[in-house]
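Q: Once you've had a glance at the structure underneath, I'll fire off some questions.
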Amino acid sequence: MFGSLFEEEGEGYSLAPSGGRVAKGEGEPPPPRGRVNLSGIKNQGGTCYLNSLLQTLLFTPEFREELFSLGPKELGCLEDKDKPEAKVRVIPLELQRLFARLLLVDQQSASTTDLTDSFGWNNSEESRQHDVQELNRILFSALEHSLVDTSGSAFIQRLYHGTTVNSILCKECGNISQRQEDFLDLTVCVRGVCGLEGALWDMFVEEEMFEGSNLYRCGQCDQLVTAAKSAKLRKLPPFLTVSLLRFNFDFARCERYKETGRYTFPLNINLRPFCEQTEDEDSEYSYELFSVIIHKGGCYGGHYHVYIKDMDHLGLWEPPEEDTKPKVQKKKEVRAYTEPEKDDPLSVLSSIIAQEESRSVLLDQLGQRLMDKIGSSWSKKYRKLHGPIGKFLQNHSDVFVLVNNGTWVALKDNPPSPVTQPSSPAHPTPGSSSTPDPVHNNTANHLPEPGLETEPKTEPEPQGSHWFDLNDSTVTSIHERDVEKMYQGKESAYMLFYRKTLLRRPPGALRNPGYQVPPHLLEMAEEENRRLQQRREEFEASNNSVELRLHLAPHYRLENGALKPISIEQKDATNLTFDRCRTVGDLRMIIYQKQDLWEGDMALTVARSLPAGLHLYNTLTDDEVSLYSAGILSGTDLFVWNGREVCGATVQTGAEWEPVLLTVVRPSLGEEEEAEGGGVGEEGGSGLTKQSRGFAGRVTLGEVREALGEPQESLLCHEKRGGEGGGASGWRVFPPRDMQRTLKELALKDGDALLVLEPQTQDSSVFSVSGDMVTVTTPSDCRWLLVEYRPERRRRGGGEEEEERMRAKVPASGNMLLCEVKQRAIAELQLQEHLAGVACCLRQVDRTGKLLPPVCEDLNVRDAGVRLMTSLSLCPGTAPKDTQLFLYFSVGTAPSSGLEGEIIVERSSTVKQCLKKMLESARLEGDGWHLRRLDWCEEVGEALMDEEASLSELKMSHGDALVITEGRLPPKGFLKLSVWLYVEPSSVVSMETEVNGMAAGSTESQRLEDMTTVGGAMVELRTVGQVEISEEATLEELKTQVLTLPELQYVCVPTPAFLRVWQLEGQRLTRILRGQQHTLRKLKLSSGVEFCVQQLLREEDLGPKEVLLRVQMGVPGERGYYPPEDLVWDASRDPSPRSLRSALASTYGLSPDSLLLAKRQPHTHTWETFSNWSQQVSKRKKKKKAESLLGAPFHLKDGDIIGVKNLLIDNNRDFSTQQDEQRLREEKEQRRKGGQGVGAEVETNRGVGPEKKMGPIKTRKTEVALSINVGVFR
């Protein structure tokens, strides 16, 4: 199909100034099919689920043939769909056209826009993702309604309809009650099942027993009896669709989730064990897998694609790319011996076929033979220029001939017999230009060809071949074993499609995409192929022009390893527009015609402009190669010369000779040399001259020194990147061994500086040589520092006055010591007498004018981190040494409050020594003090616990601030805990008098209170103080110490066992601390934790598996409950609902079977009922998993509310109250208005709700039911 794109009429070139090209035609046409010769489907934004299902139906040959059997007489014509009296069945018509395009039109992907328009979908529907299982049912229903009163009205039922029968067997009288159900797809469970066969076993083999409290009422016995329920498959469909229930709902978290565990399914399955009738042959129950729809992502979004087995071998299956990776080394070896003919695919393919004895090759094996010969695949070597290999063979029908339905390719000099093989294909091939013959469309000739007698009739195909991954527009080959990778994970199987193994495909359908396609659809596909061919030809023609820049050798000279124009005024290049499909010889001829005065040979070499000048690379030597094959793109520079020299100078070509433009830096010895040396540096009078010089990349550093005219004693240095700063620049001397290395080997690049030091300049004061380092200190590096003197305020008369500040600009460099800077500043400011005998130091100033810590004067400007051309303040005080630290400190408050002091201590000083020195400076006495840090927001933070640690070990640095805090430092390993008092509702009034009377001396602002709800009743939490206790103390010792707090002196308990300790999180009771002898470390308490104590009427020592529940018995006949009571439930042996029901029955003196239990969900104002269902024991699984209330979905914990209904006197099974309904209505109203639920706000304010503060909930798109609009055709 690409043959005519490279043939142009006329000269095919034009001389014009450079400019952009405007593409012609309708824009870029869709690309042709890929190497597998299968078409994908475009994604409209969220239609990957639709694409996966449509590809599955397309590759269900019986489905598409049933669809194609319906003609225009029954379905109507799409041209008449807008006529009111016409009955046009648009959906099946659009589906036919889509299938025909996917089979026959040569394009990478087809569009489903027309089909979705026939569904009645708008743009938002096409961009919203739906469930493919739901679409499967709705699409089949829409097709059935669309095909009413046609010959295809029942073809969905014929292909997919099956039946199951549910039976209940009475164990008393033996009566069997049956009910039959129809299905188009089977929905199987994934949760708790290891695979498809196990799920089918549970559905159609296992029996469910009705016994105990769950009896069955037999219609014949007319009484409750023991019975067994089972199900069987009664009728098996030709095609079995299995939907996997991978999406479930977590009732504990109130959210959906996806089952990603391992779930196996066989490639071949026998359904005999699951059927009602089992007398037939095994083949009647045998199915093979041919399609797997895969979902990648979560339950709220993701992506669908499908693995499909090509039953008719319509695609060209090739091993996936990873199978060919070990051949990379072989590929490199073959490329080392490239033959001239390998650039011509026609000669390569001809030689491959000619080497065979039969002079023919299987088309599937031709690609492998090509890789073995040239070391590269067709796609990488020739596809860009010549298209797919199948199209190339068709376009060269004068050399090759496709026989045996296109499965074999032979040379034309050994043509097949015209009797057995027609001159045109028996079926239309995508992209072919021949008109299909409807008569031959339904049959295919499979007689062996005369030239193929030595070959077998059919080739054994690789195991697991003809599986493809159809992912929207992309289609790739996969192995059969790749299906097993979809057993588990976020990307896993979601729908399975099986077909009966008895279904055999006719020989005429094999590798025949036009099989059973109606003639009018064949003509439509052929017409679309012609239009695509024309568009591609026009597009290629409009985009084949390239713009070249021609550089003529007479206009250039060789200078410093690069080509430069002789004259600046002369135009250095000529623009030429040329057809890239024409050959290099054509281009050479055109240039000969334009250059009348050219004599001798002409060489065309690819050039590129570099900073050093123009450089030449590869020369175009093959005149038969097109510019496209030679890699010539638009904007390429071509140098026209004789191939040897330019202006008498030999020119070196290639990437290894690329010139490098270096900046040569030399010392400036005088004004004359400076005037002749190629220009002064960036700063005048810098003492250095800089000159740009170009050198070839393959010259050595010694040759560069010779080119510069320097003696061998001269030093060559390169600038050290990432300099030290502070003014002076550092250079590193090239060692003698580098003199034999090239510029490329030394990794020198354009713009790098090269310092040249002659022997007489190495002892200059400007240059300092130390080992292999050279430090250059030029006048430009000698900048200044502004030093400001701030006199102290003096009292004059009745007020304070500040003397005028004094400033001096002191010349400085990066190597100058700061003590020298200070002395120069004192001299400039004439302060020698004023500061005689007074210690002073230099301090930096920040942007706000605040003084920073003093700098160490033993360091130079660079090492101290002082930037040149900045300000320093000369202040009274001692400068710290290099081994000392300057610290701020204050007493009781943050230093930012203004009550701060300054101190200089040794880095090796301990915290205790630093504290002692600070106390002396602040004139404080006693040892009841400790130090604390300041946190990042300048608030008093953590204490320095280890008083023996040095300041350097604590990573203290200059300018850090410490706070002297009153109080002894608690020993290491102690915890500071906040204590609250749990006040029962009945004792709030009685205790209020005592506690308030005791706390009368405290201010109201110091008394913290909070209200919370426990068990539905309001309780009060009161803060009673803090305790400091060792983390190795026991819970019993914590209770004893809490009782010593002044706020609790009126709380009397016989022993600590009469106290219950709750841990608080956000003023919410979260858990009870258990184990009287457990240490606080084992209870995982940390400093700052809050807890509350509750007074009990009896001793309590809860075990690790004992749960404290708040139990409420329902009021009979009312929607309310009695006051809650505490129940300690021992779940160590049996955490099931039966155990809890027995414990409550023992408490209330009732029968366990008469109690109905539910857990209240305070966040959602709902009740979750404990089911009475008892798990059946499977015959295959002897062990059953215990149902625990401590795990999902109930997660019972301390303080949970349990509602109890006595079914003997209360028939109302609804646990909700009027308050619950009122809260739900308020929240619903708030959500409707767009705000947060009132109930949630109220409960959050009262301390109820989630343990953590909930942020704004991310809203998801409203889920809309999927629908397809179908007209009425009855």
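The values are calculated or read from the model by the stated rules, or taken from the named source; none is laboratory data. Owing to the predicted nature of the structure, the values given are computational and were not obtained by experimental measurement. Please note: Cβ atoms are built from the backbone with ideal geometry, for glycine as well, and neighbour counts cover all protein chains shown. These area figures cover heavy atoms from the full protein model, side chains too; ligands, DNA and RNA do not enter into them. Shrake-Rupley method; radii C 1.70, N 1.55, O 1.52, S 1.80 Å.
Q: Among residues belonging to region 88-141 that are touching a helix residue (DSSP H, G or I) at 6+ places or on another chain (Cβ under 7 Å) and hydroxyl-bearing (Ser, Thr, Tyr), point out the one that is nearest to Leu521 (Cα to Cα).
A: For region 88-141, the residue satisfying everything is Thr112.
Q: Condition first: in contact with a Pro (Cβ under 8 Å, 6 or more places away or on another chain) and either under 16 Å from Leu411 (Cβ atoms) or surrounded by fewer than 18 Cβ atoms within 10 Å (Cβ to Cβ) (or both). Now tell me which residues in region 343-396 satisfy that.
A: Phe392
Q: Another one. Go through Asn543, Asn618, Asn512, Asn560 for me and flag whichever is of a type outside the set (Asp, Glu) and surrounded by 20 or more Cβ atoms within 10 Å (Cβ to Cβ).
A: One residue alone meets the criteria, Asn512.
Q: What do you reckon, is Ser567 hydroxyl-bearing (Ser, Thr, Tyr), under 46 Å from the mean Cα position of the chain (by Cα) and over 30 Å from Glu62 (Cβ atoms)?
A: no
Q: Looking at region 189-206 only, could you name the residues that are surrounded by fewer than 17 Cβ atoms within 10 Å (Cβ to Cβ) and among the aliphatic types (A, V, I, L, M)?
A: Listed by number, the list holds a single entry, Val205.
Q: Restricting to region 1140-1159, and then to whatever is assigned to a helix (DSSP H, G or I) and in contact with a Phe, Trp or Tyr (Cβ under 8 Å, 6 or more places away or on another chain), can you tell me which residue is surrounded by the fewest Cβ atoms within 10 Å (Cβ to Cβ)?
A: Per the stated criteria, the residue is Ala1143.
Q: Can I ask one more? Starting from region 970-985, take each residue that is assigned to a strand (DSSP E or B) and open to solvent by less than 60 Å² (accessible area, probe 1.4 Å) and list its partners that are at pLDDT 80 or above and among the basic types (Lys, Arg), counting only C-beta distances under 8 angstrom and pairs at least six apart or across chains.
A: Trp980/Arg1022; Leu981/Arg1022; Tyr982/Arg1060; Val983/Arg1022
Q: Which one of these does Ala231 not meet: (1) over 38 Å from the mean Cα position of the chain (by Cα); (2) surrounded by fewer than 13 Cβ atoms within 10 Å (Cβ to Cβ); (3) of a type outside the set (Lys, Arg)?
A: Checking Ala231 against (1) over 38 Å from the mean Cα position of the chain (by Cα); (2) surrounded by fewer than 13 Cβ atoms within 10 Å (Cβ to Cβ); (3) of a type outside the set (Lys, Arg), the one that fails is (2).
Q: While we're on this one: Any residue at all in region 743-758 that is over 30 Å from Gly613 (Cα atoms), surrounded by fewer than 16 Cβ atoms within 10 Å (Cβ to Cβ) and at pLDDT below 85?
A: no
Q: A further question follows. When residues of region 677-711 are filtered for being open to solvent by 50 Å² or more (accessible area, probe 1.4 Å), modelled with pLDDT of 85 or more and assigned to a loop (DSSP other than H, G, I, E, B), how many remain?
A: Final tally of qualifying residues: 3.
Q: Among residues belonging to region 271-280 that are outside any helix (DSSP H, G or I) and open to solvent by less than 60 Å² (accessible area, probe 1.4 Å), point out the one that is farthest from Val292 (Cα to Cα).
A: Thr278
Q: Which pairs turn up if I take residues in region 594-607 that are farther than 23 Å from Glu658 by Cα and look for partners that are surrounded by 16 or more Cβ atoms within 10 Å (Cβ to Cβ) with beta carbon separation below 7 Å, at least 6 apart in sequence or on another chain?
A: If the second residue must be surrounded by 16 or more Cβ atoms within 10 Å (Cβ to Cβ), the pairs left are Asp601/Gly643.
Q: Among the residues that make up region 1040-1063, is at least one of them among the basic types (Lys, Arg) and either over 27 Å from Pro1123 (Cβ atoms) or touching a helix residue (DSSP H, G or I) at 6+ places or on another chain (Cβ under 7 Å) (or both)?
A: Within region 1040-1063 (the criterion being among the basic types (Lys, Arg) and either over 27 Å from Pro1123 (Cβ atoms) or touching a helix residue (DSSP H, G or I) at 6+ places or on another chain (Cβ under 7 Å) (or both)), the answer is no, since none of the residues qualifies.
Q: Which residues, counting only those in region 73-89, are of a type outside the set (Asp, Glu), outside any loop (DSSP other than H, G, I, E, B) and either open to solvent by 50 Å² or more (accessible area, probe 1.4 Å) or within 19 Å of Pro238 (Cα to Cα) (or both)?
A: Within region 73-89, just Lys73 meets the criteria.
Q: Out of the residues in region 240-269 meeting the condition of being more than 28 Å from the chain's Cα centre (by Cα) and surrounded by 15 or more Cβ atoms within 10 Å (Cβ to Cβ), tell me which one is farthest from Tyr300 (Cα to Cα).
A: Restricting to residues being more than 28 Å from the chain's Cα centre (by Cα) and surrounded by 15 or more Cβ atoms within 10 Å (Cβ to Cβ), the top hit is Ile269.
Q: Would you check if Asp846 is within 50 Å of the chain's Cα centre (by Cα), modelled with pLDDT of 85 or more and among the charged types (D, E, K, R)?
A: Here the answer is no, as Asp846 does not meet what is asked.
Q: Right, something else. Look through Ser151, Ser213, Ser243 and report the one residue that is of a type outside the set (A, V, I, L, M, F, W, C) and touching a strand residue (DSSP E or B) at 6+ places or on another chain (Cβ under 8 Å).
A: Checking each option against the conditions leaves just Ser243.
Q: Can we say Met602 is closer than 17 Å to Leu552 by Cα, open to solvent by less than 20 Å² (accessible area, probe 1.4 Å) and modelled with pLDDT under 90?
A: Considered against the rule, which asks whether it is closer than 17 Å to Leu552 by Cα, open to solvent by less than 20 Å² (accessible area, probe 1.4 Å) and modelled with pLDDT under 90, Met602 comes out as yes.
Q: Let me ask something else about it. If the requirement is being part of a helix (DSSP H, G or I), open to solvent by less than 50 Å² (accessible area, probe 1.4 Å), at pLDDT 95 or above and of a type outside the set (Ser, Thr, Tyr), which of these qualifies: Leu57, Leu50, Leu115?
A: Leu57
Q: When you scan region 813-843, how many residues do you find that are outside any loop (DSSP other than H, G, I, E, B), small (Gly, Ala, Ser) and either open to solvent by less than 20 Å² (accessible area, probe 1.4 Å) or at pLDDT below 85 (or both)?
A: 1
Q: Which pairs do you get when a residue that is among the hydroxyl-bearing types (Ser, Thr, Tyr) and modelled with pLDDT of 85 or more, found in region 882-910, comes within reach of a residue that is crowded, with 19+ Cβ neighbours inside 10 Å and in a loop (DSSP other than H, G, I, E, B), reach meaning Cβ atoms under 8 angstrom, with the pair 6+ apart or on two chains?
A: Ser908/Leu951; Ser909/Leu951; Thr910/Leu951
Q: Report, by residue number, each residue of region 146-175 that is part of a helix (DSSP H, G or I) and either among the polar types (S, T, N, Q) or buried (at least 17 other Cβ atoms within 10 Å of the Cβ) (or both).
A: Matches in region 146-175: Ser146, Phe155, Ile156, Gln157, Leu159, Tyr160.
Q: Filter region 621-639 down to residues that are in contact with a Lys or Arg (Cβ under 9 Å, 6 or more places away or on another chain) and modelled with pLDDT of 90 or more and give me whichever is farthest from Gln595 (Cα to Cα).
A: Taking the candidates together, the pick is Thr636.
Q: List the number of the failed condition for Tyr285; all other conditions in (1) in contact with a Lys or Arg (Cβ under 6 Å, 6 or more places away or on another chain); (2) at pLDDT below 90 hold.
A: Condition not satisfied by Tyr285: (2).
Q: Taking only region 913-968 into account, find how many residues are at pLDDT below 85, open to solvent by less than 20 Å² (accessible area, probe 1.4 Å) and outside any strand (DSSP E or B).
A: Result for region 913-968: 1.
Q: Just to verify a result, which residue in region 1030-1053, among those that are within 21 Å of Glu984 (Cβ to Cβ) and at pLDDT below 85, is least open to solvent (accessible area, probe 1.4 Å)?
A: Leu1048
Q: Would you say Glu674 is modelled with pLDDT under 85 and touching a strand residue (DSSP E or B) at 6+ places or on another chain (Cβ under 8 Å)?
A: When the stated conditions are applied, Glu674 passes them.
Q: Among the listed residues Leu103, Leu70, identify the single one that is buried (at least 16 other Cβ atoms within 10 Å of the Cβ), in a loop (DSSP other than H, G, I, E, B) and modelled with pLDDT of 90 or more.
A: Result of the check over Leu103, Leu70: Leu70.
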